[in-house]
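What follows is a set of notes on a single structure, which appears directly below.
Please treat every number below as a calculation from the coordinates, not as lab data. All figures in this text were calculated on a predicted structure; none of them were measured in a lab. All Cβ positions, glycine included, derive from the backbone under ideal geometry; neighbour counts span all protein chains shown.
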Amino acid sequence: MDAGAVATFDRGSSERAIDDRALSKLRWRCRRGLLENDLLIERLFKRPSPVTQAEANGLTLLMQLADNDLLDLFLGRQKPTANLDRREVHQVLEAVRAQETRPDLPLPTTIFSRTSP
């Protein structure tokens, strides 16, 4: 499967956790040039529940975006459109935004909100 392709799986296999090798490759592919994106993506990898195949597919789709576009989706400034408006992508966005993913970190909107001087 090429880097841009997303496999189609039946519902049962898409809910299964990915194996350690696939997780390692996915983490490497998810490294971004924008630190804020790395911090938010890390929330998904650090949560207690394992990354599922569906979430891996969603992340693969999201990694095709430019860093600023990805950050806008993570922070809810934009909504997924076209081929990104899929269940897998929404799952990833919800997981990244969830407070219980990393209770020791504030919500993304408080991390990156702009304050006037």
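Between Arg16 and Asp85, the C-beta separation translates, for a Förster distance of 22 Å, into a calculated FRET efficiency of about 0.40.
Taking amide H as placed 1.01 Å from N in the peptide plane, the amide H of Arg47 sits under 5 Å from none that are at least 5 places away or on another chain.
Using a Förster distance of 22 Å, how high is the FRET efficiency between Ser49 and Lys25, based on the Cβ-Cβ distance and rounded to 0.05? So the FRET efficiency works out to roughly 0.70. Couplings 3J(HN,Hα) for the range 24-37, derived from phi with the Karplus relation 6.51 cos²θ - 1.76 cosθ + 1.60 (θ = phi - 60°), are 4, 5, 5, 4, 5, 5, 8, 5, 10, x, 9, 4, 4, 5 Hz, where x marks Gly and Pro.
Between Arg32 and Asp38, the built amide H atoms are under 5 Å apart, and every one of these is 5 or more places off in sequence or on another chain. Projected label points at Arg77 and Asp38, each 7 Å from Cα along the beta carbon direction, are separated by 2.0 nanometres.
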